[in-house]
Structures are given as C-alpha cells and as structure tokens.
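This report refers to the structure that appears directly beneath it.
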Amino acid sequence: MQIHELTLVEATDMLERGELSAAEVINGLYDRIEAVEEKIKAFLEIDRERVLREAGTQVPVAIKDNICTRGWKTTCASRMLANFHPPYDATVVARLRRQGHAVLGKTNMDEFAMGSSTEYSAFYPTRNPWDTERVPGGSSGGSAAAVAAGEALVALGSDTGGSIRLPAAFCGVVGLKPTYGRVSRFGLVAYASSLDQIGPITRTVADCALALNWIAGHDPLDSTSLPEEAPDYRTFLRPDVKGLRVGLPREYFGEGLDSEVRDAVLAAVRQLEAGGAKVEEVSLPHTEYALAAYYLIAPAEASSNLARYDGVRYGLRAEGEDVVQLFSNTRSRGFGPEVKRRIMLGTYALSAGYYDAYYLNALRVRTLIRRDFDRVFEKVDVLACPTSPTVAFRLGEKTDDPMQMYLSDIYTVTVNLAGLPALSVPCALNSEGLPIGLQLIGPPLAEGRLLQVGYAYEEARGPFPRPRI
C-alpha cells in the first residue's frame, strides 16, 4: 500500500482504526514529495522533521501560502513577504491543529492570489502533474498540483474569482468554494475582502465533504462569518438526484468555449439526467458584464488592502532618501508585474472623477448578477456548467496577454460576486489526456446539495484516472 494513493477518507478511517499512524502518513507523503516535487514545484516550504514533531493524530494538510501559519513563513509568493513569519494561526489552521492535523507544508500560488496560472509566483511557477509543460491553474495552483500528484491528500486554497475551482479543473481534482462567510477568513491575507473565501481541494467529493467539516463554522474573529453552525457534510453523500432540478445557463455555453469541454460537461449532465434529475436551460442575462465588474471590484479592494505594504510596518523595506522614495522603492521591488497592474487598475477605478463611472457601476452590476441567480434558483436546485472554457494551457502561453489570462475566469467570477458556493468535479479527459472540470453552483449555504450532486455524479462516472508522474 502506498500512502499517496489513498483517498483522504481511506487514510482517515485507517488512522481511526489504528491501522496507520500520523507519522506513517507524513513519511509516506514526504517520500512522494521527494520523488516528484522537483518536477512539480507545488510547495514553497516543506520540512519533514518539523511536521513529524507536530504530527498529531490525523492526516496533515497542505496550506496555501496566503493563509497564516505560526512557525511557518507566509509569503503570499511575493518578495514583499519573503521572510514574514506570522505570530498566529489563521482560524482554519488553528481548527485543524486542535483536531490533530499538522501543517504538511506551504503551497505555491500566484503572488497575493492574483492570477490564473501560478506563473505569477515571485519564486517559481508550479507545473501541472498531467503535463509539466502546462500550468496547474491559479491562484491555488500549488495546492491543486500537490493533491493531483499525490504529494498531499488534502490542501486548502483560497478563491476570490475561481482560484480553487480553476486549478481543481486543470489538475483533475475536486475543489469547493464555500458560501461567503461559511469558512472564516481570519488569518487569510486579503486580496479582495468581499470576494475571498477559503476552501478545500481534494481527490474525491467524499474527501471534500470531510475536509469541509474540519474548517466550516462560525468564527467570532471574522466579522463576516455567518452565525449558523455548519452541518455534517458527510450526511449529504448519497447517490440520489431523482427529481433534482438542474439548470444549464445558456450564457456559459456560448462563444469561446472549447468544443471538447462543452461535450464533456453536457455528457456529465446527461449522466445526472439518467439518474433522475430534471434538466432545463436557464438564463443569467448579466453574465456578459461579470468579468468587467470583477476586474474593477477586485483590483479596487486590492488597491486598498495592499496599501499596508509600505516598508514601514512589516515586510520588505527598500531604503530611500525620503519617505516618498522609501514607499516607492519598497513597492517597486516588492511587488511583481501582475500585482502592480491590479493595484493601478484599482487605484484608477477609485480615483476622483472615475469612482462613479467605474467602481460604482461595477457594484450595480454585482447586484444585478446576484438577482439573476436569485431568480434562477427559484426554478432550479443547482446549476451545471464548465469550470473553465479550456483545459490547462501551456506555460508562458498567456502571460503576455492579460486579457486572455483573465478570460480563464469567465465562468467562475460570477459565483464570487454573488457570494455563492460552487464545486468543481473532474468529468473527463480531452483528446490530449488533460482533465476537464464540471462546475456545480448552488444558492447560499447549499454546500450539502452540491456535495450530494457531485457525489452522485462521481458514483455514476466511476474512478477518475490519476496523472502518471
């Protein structure tokens, strides 16, 4: 038995029965990391001896490097925070530790979570285990690649506009973006505070339900945390979709969608239909404005959130002749090109004379998008659509064309703008052997329903292949 070939549920059950120890799981995963990490570059920090010292009793969890971890660096894959050691754990990490989980390591990402390919890391790009010449998606690319390659059985990511779901789709694993407020954001380094959400990346839907149990629930340290306690999500894992109403949003199946992705997603929907689900076409008419609204709102919030990195309080400090030059030198050297691009976009959108024309109108569009979803969920229980318009693209293919990179998020940003939960489940391989993701979207707090549908589909689909690496 190879530890890295186990599912999270299998490993957890074996730990509970005393058939495995946490130390054996850690050593098995670190053996795998040593075997494949040089090819994948999923991690920014690993330390076998430290993890063994902190082993606890449960499966260790890989943590995206924008989630604060006491004793480990939290760099956000940026030179600005290259040597930052947070003095506290994020709430999700504190919960995991209390339950007996160690931090397995810190995973690579796009700098400050701004990107769709994990090529914007200040340190090195992560590679896709299915084809190491391709990207793993972003910004949680390290977390998804680690799970896909068997370097971790579970990882946490963050999702501001698709940053859990897109890498999950590209790497052939499962990724859940919970309802905004379902999982605490305390200790998550902020990109866009009204959009950010932490969630799990796993190999199977059952694994995802188990991991969500560990991290979901109210947190008094997060003012946006929902007051309701979370249910046991494993109780939703039943292969039953009879009578369930599935909506196909026509705006998600139009121009720009790769034909193989379209066919695979529709084939997955037909499997749900064969299981008794009722499928109908629906419309989300303001979808065409979503990407523009997102790339005004998110950079505007980033412009404000990243103002704290000034060379005075913490992080990189680049000296200057006066305070203005100190600020300028620090931010010029500390931030990469994509972060600078988004700060400038956001600052411009918030500036005098442009606030009403850009930022305020984007907020109005956000309201219209939320209303679209509200109306649709009066008719259907869940929406099914592609996670991404394409499969994983080649390294370097889109870095010189920001608009093409942004279009990778076209089916995911609406969920964040509306604060909804969404699940990406692998549904097929294309003709080149690359994974395709099925995205399921639900109304607020419908994580259980999404897991039920995802599990039913997974059972009908059968085991998904793993990359040969």
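The values are calculated or read from the model by the stated rules, or taken from the named source; none is laboratory data. Computed from a predicted structure; not experimentally measured. We place every Cβ from the backbone using ideal geometry, glycine too, and count neighbours over all the protein chains shown.
A few remarks follow.
- A count restricted to the stretch 332-369 and to residues that are crowded, with 19+ Cβ neighbours inside 10 Å and either without any contact (Cβ under 8 Å) to a residue 40 or more places away in the chain or assigned to a loop (DSSP other than H, G, I, E, B) (or both) stands at 2.
- Cross-chain or 6+ apart pairs with Cβ under 7 Å, the stretch 17-43 first and under 16 Å from residue 54 (Cα atoms), then part of a helix (DSSP H, G or I) and of a type in the set (D, E, K, R): 30/48
Listed here are the residues, each with its yes/no results for (1) at pLDDT 95 or above; (2) in a strand (DSSP E or B); (3) within 26 Å of the chain's Cα centre (by Cα); (4) acidic (Asp, Glu).
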residue: 234; (1), (2), (3), (4): yes, no, yes, no
residue: 276; (1), (2), (3), (4): yes, no, no, no
residue: 280; (1), (2), (3), (4): yes, yes, no, yes
residue: 288; (1), (2), (3), (4): yes, no, yes, yes
residue: 297; (1), (2), (3), (4): yes, no, yes, no
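- Among the residues of the stretch 36-67, those that are assigned to a loop (DSSP other than H, G, I, E, B) and either closer than 18 Å to residue 175 by Cβ or touching a Phe, Trp or Tyr at 6+ places or on another chain (Cβ under 6 Å) (or both) comprise 41, 42, 59, 65, 66.
- Criterion: at pLDDT below 95 and β-branched (Val, Ile, Thr) - qualifying residue of 369, 469, 441: 469
- The condition of being in contact (Cβ under 8 Å) with a residue 60 or more places away in the chain, out of contact with any Phe, Trp or Tyr (no Cβ under 9 Å at 6 or more places or on another chain) and more than 14 Å from residue 175 (Cα to Cα) does not hold for residue 378.
- Meets criteria (surrounded by 24 or more Cβ atoms within 10 Å (Cβ to Cβ), out of contact with any Ser or Thr (no Cβ under 6 Å at 6 or more places or on another chain), modelled with pLDDT of 95 or more and at negative phi) for residue 453: yes
- The stretch 133-163: number of residues that are among the acidic types (Asp, Glu) and within 18 Å of residue 204 (Cβ to Cβ): 1
- The set of residues in the stretch 14-27 being under 28 Å from the mean Cα position of the chain (by Cα) and buried (at least 20 other Cβ atoms within 10 Å of the Cβ) consists of 22, 25, 26.
- Test: residue in the stretch 308-319 that is touching a residue at least 12 places away in the same chain (Cβ under 8 Å) and part of a helix (DSSP H, G or I): no
- Among the residues of the stretch 405-437, just one is in contact with a Ser or Thr (Cβ under 7 Å, 6 or more places away or on another chain), surrounded by fewer than 24 Cβ atoms within 10 Å (Cβ to Cβ) and in a helix (DSSP H, G or I), namely 405.
- Scanning the stretch 75-95 for residues that are buried (at least 24 other Cβ atoms within 10 Å of the Cβ) and among the polar types (S, T, N, Q) yields 75, 78, 91.
Table: residues versus (1) at pLDDT below 95; (2) charged (D, E, K, R); (3) in the same structural domain as residue 64 (by TED's automatic domain parsing); (4) farther than 24 Å from residue 437 by Cα.
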| site | (1), (2), (3), (4) |
| --- | --- |
| 168 | no, no, yes, no |
| 173 | no, no, yes, no |
| 181 | no, no, yes, yes |
| 185 | no, yes, yes, yes |
| 195 | no, no, yes, no |
| 198 | no, no, yes, no |
| 208 | no, no, yes, no |
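- The stretch 96-141, subset basic (Lys, Arg) and in contact with a strand residue (DSSP E or B) (Cβ under 9 Å, 6 or more places away or on another chain), residue surrounded by the most Cβ atoms within 10 Å (Cβ to Cβ): 106
- Residues in the stretch 438-450 that are charged (D, E, K, R) and crowded, with 24+ Cβ neighbours inside 10 Å: 447 alone.
- Exclusive hit being under 30 Å from residue 435 (Cα atoms) and either within 24 Å of the chain's Cα centre (by Cα) or exposed (fewer than 15 other Cβ atoms within 10 Å of the Cβ) (or both), set 388, 304: 388
- Just one of the numbered conditions (1) part of a helix (DSSP H, G or I); (2) crowded, with 21+ Cβ neighbours inside 10 Å is not true of residue 271: (2).
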